[in-house]
Amino acid sequence: MAEATSPTSWRTRLPHTTVAVPIARALIRTALADADAPADRDTAELLTAELVANAVEHTEGEDPIELVVELLPGGCQVEVHDRRPARPGEPLGPEPGQEPDPWQEHGRGLLLIRALSADCGHRPTAHGKAVWFTLPAVPKQRRPEH
């Protein structure tokens with residue numbers, strides 16, 4: 001289950017299966033619903049799902065994937081830790097002068113993360129790597145009413 005590391009930060013282990021994706025989406029939606037300065041929940045869910053799906057697909061073994069969420073005064077940062085030390089692949093786009101293939105199933109996740117986040121990156125950890133993104137808080141006047 002989720003382990004609080006501070007009032008605004010927590011981490012949780014997710015199974016190394018595709019079931020981790022909807023679990024991570026639900027955790028992010030819940031965390032941002034209760035935040036004082038929430039980031040856009042839909043974008044956070046999408047980008048978190050991409051990171052978790054990549055970790056499941058591109059790492060071997062049964063070691064859990066770790067989701068780390070930090071709620072910041074100006075938004076949030078989400079990290080996904082996995083056991084593979086290799087850096088994430090480069091985002092794949094069409095070759096210059098070519099149209100994107102609408103049926104291509106891979107290679108768009110990192111492009112989405114770069115395009116929709118305020119910042120993103122990766123870093124080595126003691127047991128593999130962490131891939132992360134940040135999102136700004138949604139201005140109060142643009143937040144939906146509950």
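Annotations
- Pairwise label distance in nanometres, Ala26 with Ala126, each label 7 Å out on the Cα-Cβ vector: 3.1 nm
- Nonlocal amide H pairs with Thr125, under 5 Å, H built at 1.01 Å: Ala130
- Taking a Cβ cut-off of under 11 Å around Gln77, the surrounding Lys, Arg, Asp and Glu residues balance to a net charge of -3, with basic ones at +1 and acidic ones at -1.
- Backbone N within region 41-64 under 17 Å of label point (7 Å from Ala115 Cα along the Cβ vector): 42-51
- Near the amide H of Ile65, within less than 5 Å, lie the amide hydrogens of Leu14, His16, all on another chain or at least 5 residues away, with H placed in the peptide plane.
- Asp34-Arg84 FRET efficiency (beta carbon distance; Förster radius 41 Å; 0.05 resolution): 0.80
- ³J(HN,Hα) computed for each position of region 112-122 - Karplus, 6.51 cos²θ - 1.76 cosθ + 1.60, integer Hz, glycine/proline x: 4, 4, 5, 6, 9, 8, 6, 7, 7, x, 8
- Reduced Cα scattering model of region 1-83, Debye log10 I(q)/I(0), q = 0.11, 0.24, 0.25 Å⁻¹: -0.26, -1.13, -1.21
- For Val138, the amide hydrogen comes within under 5 Å of the amide hydrogens of Ala39, Asp40, counting only partners 5 or more places away or on other chains and with H modelled in the peptide plane.
Coordinate-derived values only; no laboratory data. This structure is a prediction, so every number in the text was calculated from the model and none was measured. Here Cβ is always computed from backbone atoms with ideal geometry, including for glycine, and neighbour counts include all displayed protein chains.
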